[in-house]
Structures are given as C-alpha cells and as structure tokens.
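A quick write-up on the structure given underneath.
The values are calculated or read from the model by the stated rules, or taken from the named source; none is laboratory data. Not measured: the values here are computed from a predicted model. Glycine also receives a Cβ, built like all others from the backbone with ideal geometry; neighbour counts cover every protein chain displayed. Side chains are part of the model used for accessible areas, which takes the heavy atoms of the whole protein and leaves out ligands, DNA and RNA. Shrake-Rupley method; radii C 1.70, N 1.55, O 1.52, S 1.80 Å.
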Amino acid sequence: MLQSMTSEPEQQFGVGAPDAFQRLWTPHRMAYIQGENKPTGPGADDGCPFCSIPAKSDEDGLIVARGELVYAVLNLYPYNGGHLMVVPFRHVADYTELDEAETAELAAFTKRAMRALRTASGAHGFNIGMNQGSTAGAGIAAHLHQHLVPRWGGDTNFMPVVGHTKVLPQLLADTRKMLADVWPTV
C-alpha cells in the first residue's frame, strides 16, 4: 500500500507511478546470495571453489597469475572492477596456518597485484584484507583468501547507496586478460 498525500491508503498496481529512477537489475548476484558454488563442508573435497579453480584453464578459472604456492584470481562477485584475490593452493582456513614460504609469496603476490592493477587500470588506492571465519564475513571461510579491491577517486557514487547496484564497466574475462597481460612486467 502506498500513502497518498491525504494519508488515505491507495492500492498500487504494477510498477506504480514513475519516480524518475531507472532500475538496473543484477540477477547474477542472486547466485552468490543463495550460496551457489559454496562448499558443503570445511574440507578440500567438500566443493571448495578455491581448490577446484587451479585445475581449470586460466581463462575459465579467471586466474590472473600462478605462483608456486599461491595464485591470483578475479572475484566472481566483485565489489569493484578488478577485484581480485590472492589464494594459497593449499587448503587452509586461517592465516596462522600458512607456512613462512606461503606467507612470503602471498605478500609478494599482493604487491604484484597492486602494481598490475595500477598499470592496467590506473587504480588510485586499494582495500586489502582477509575475513577470517564466517563470523567475520568470510563467504568461504574454509579456504584462506586475501581480497584486493582497487579504488579510484570518485568511484563511490549514488548507485550503491541509492540504487543498491554496483556498476561494473568491464566483463570479468576482459579484466582477467588485461591484468594477466601486465602481470609479468610488474
């Protein structure tokens, strides 16, 4: 029910009165919201996407670069264009479970990812972090992953606030190629 100017209830039919807002629908996000591709348990064999991605081609897995112990992959449900993650190949849940070599390569890949994103997209800044455990917001808590979200001056606009929609200007396959092409040079 909508309230009219006279405070009398009014039944709304269809889309209602035009309000000058254009609606952008992002139905692909519903897969993430509903838990598609989420593990069924904490083990590596419980459908962990971070364990299965390395078996795919770089293009199919959205892998930007592979190291000996970690890899960089685009986030399938990005917060911003170029949002990627650095993930250890080994299935570990907690940062303290990484050995020294994994910790060092994760840090080195984070630096390389920042350089690649700056080179390829002119990123002005970054949000970098790990959510440790589901209580802390980890969507896949059983496999450690560090997020790198590139940011640009003015990239926060009305769309996420008013429209509850994030506009991504590029297909993930195109972003992956752009970053992979500059990765070896940074």
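Remarks
- Of the residues Val92, Val64, the single one that is among the aliphatic types (A, V, I, L, M), outside any helix (DSSP H, G or I) and under 25 Å from Lys177 (Cα atoms) is Val64.
- Filter pass, Ala93 being open to solvent by 20 Å² or more (accessible area, probe 1.4 Å), out of contact with any Pro (no Cβ under 6 Å at 6 or more places or on another chain), small (Gly, Ala, Ser) and touching a residue at least 40 places away in the same chain (Cβ under 8 Å): yes
- Gly61, sole failed condition from (1) within 21 Å of Pro39 (Cα to Cα); (2) out of contact with any Ser or Thr (no Cβ under 9 Å at 6 or more places or on another chain); (3) of a type outside the set (A, V, I, L, M, F, W, C): (2)
- Cross-chain or 6+ apart pairs with Cβ under 8 Å, region 101-123 first and under 12 Å from Ala72 (Cα atoms), then among the polar types (S, T, N, Q): Leu106/Gln146; Thr110/Gln146
- If you filter region 73-89 down to residues that are assigned to a loop (DSSP other than H, G, I, E, B) and under 8 Å from the mean Cα position of the chain (by Cα), you find that the one that is nearest to Val182 (Cα to Cα) is His83.
- Residues of region 102-126 satisfying the condition of being of a type in the set (Gly, Ala, Ser) and surrounded by fewer than 16 Cβ atoms within 10 Å (Cβ to Cβ): Ala104, Ala107, Ala108, Gly122, Gly125
- Qualifying residue in region 51-58 (condition: more than 19 Å from Leu179 (Cα to Cα) and open to solvent by 50 Å² or more (accessible area, probe 1.4 Å)): yes
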